[in-house]
Every structure is written in C-alpha cells, then in structure tokens.
Amino acid sequence: MTTMYAALLRGINVGGAKKVPMAELRSLMEGLGLSGVRTYLQSGNAVFGSEHGDEESLAAELAQAIEKHFGFTVGVLVRDHAYLKAVREGCPFPAAELEAKQLHATYFSGPVDAERFASVDQPAFLPEEFRLGDRVLYLYAPDGLGRSKLAEALSKPRLLKGITATSRNWNTVVKLEEMTGA
C-alpha cells in the first residue's frame, strides 16, 4: 500500500544559495522509485508516495541523493499525511481567523520539550506567541515572520542543537496536508 508523504527541504533556494530546481528535484525523487512526485512553490516542498520505508529512512535516502546530485548537504524532513493532518488540526491558534503570514509551523526532526525553550521569555515578546506540539512549534507572529523578534529568538543555534528545524507559513502547512491527502 502506498503512503503519501511530504518532504520538507531546509534552506534551499534562499538568497541564491543551495539552488535546487524543482523539475530536477522531481526527477531525482522519481529516480529513487518514489511515485506521484509533485512540488509546491520553490522553497523545498515535495509530495510523493512510497510503498516502503519510514519517515526517517526516506528522509536520509533523499538527503543522500540530493547531496550526491547537487553537491551540498540539505536537511530533509519527511512527514506522512496523518502527521500533517494532526499538525493542522492541533493548531492552538485560531488559524481560520488569522492571515497565513501570521501563523507558522516549525517542523522538527525529533521530539522537543518545553525545557529546550525555557530560556525564551515569552511575555517579553507579546503579542507574539509560540506553542509546542508533536515535533512542531506553532508560532503566532502578527506582523509576519520577517519582523518577528520571537522567531529570531527561537532560531538560536543553542536552542536547535541536535535537531533539524524548518518552518512553513500556514498556507503551506494547509496545502501540504491537502496534497498528501489526495
């Protein structure tokens, strides 16, 4: 039975660095035997089907293929439809009432707990807020991610040590869940 997944590539096609053309990425993924490969936007989102493997092994296989083909290392997270749906449904903020630029999800390669972010003084950043979920951090940034002081504080290397993290705006969160459910 084929399971639908989304691959989330970290830090590609940003500011001219780590260029990964989406057509080339699709071909590369199809060459790995993945089915129904589609990409979304130019920022490292791909949807595919696979009859074998799990999130971690698929992510490792894709990261290795990208490094071999493009010549640089890229953090890759792979999440199945059920997980993406749970992230969407588990949002602690009123997503339907917010603009997509105000709400983001940062996906993590593994579990994180509140202790990891205990040094972040949340009240100092209000009205911006964050909440943790299952391998995800939900960020409410009313003025958008580019102006968010909280996002800057949450992205400090000491807080993210040992994990891969990649963020998506709420439109992308919703679209990937829809694409993997089709």
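Considering 41, 9, which residue is open to solvent by 60 Å² or more (accessible area, probe 1.4 Å) and modelled with pLDDT under 95?
41
Looking at (1) under 25 Å from residue 24 (Cβ atoms); (2) open to solvent by less than 70 Å² (accessible area, probe 1.4 Å); (3) not basic (Lys, Arg), which is the one condition that is false for residue 178?
(2)
Given the criteria at pLDDT 95 or above, open to solvent by 20 Å² or more (accessible area, probe 1.4 Å), at negative phi and touching a Gly at 6+ places or on another chain (Cβ under 8 Å), does residue 27 qualify?
no
Just the residues that are at pLDDT 95 or above, of a type in the set (Asp, Glu) and over 15 Å from residue 4 (Cβ atoms), please, taken from segment 68-107.
The one that is at pLDDT 95 or above, of a type in the set (Asp, Glu) and over 15 Å from residue 4 (Cβ atoms): 89.
Looking only at segment 67-115, which residues are in contact (Cβ under 8 Å) with a residue 24 or more places away in the chain, among the basic types (Lys, Arg) and surrounded by fewer than 19 Cβ atoms within 10 Å (Cβ to Cβ)? I'd like the intermediate steps shown before the answer.
Going residue by residue through segment 67-115, those that are in contact (Cβ under 8 Å) with a residue 24 or more places away in the chain are 69-70, 72, 74-81, 83-88, 90-93, 95, 98, 100-112.
In the following step, the residues that additionally are among the basic types (Lys, Arg) were identified as 79, 85, 88, 101.
Selection gives 85, 88, 101.
The values are calculated or read from the model by the stated rules, or taken from the named source; none is laboratory data. Every value quoted in this text rests on a predicted model; they were computed, and no experiment measured them. A quick note on method: Cβ atoms are made from the backbone with ideal geometry, for glycine too, and the neighbour counts reach across all protein chains shown. Surface accessibility is based on the protein's heavy atoms, side chains included, excluding ligands, DNA and RNA. Shrake-Rupley method; radii C 1.70, N 1.55, O 1.52, S 1.80 Å.
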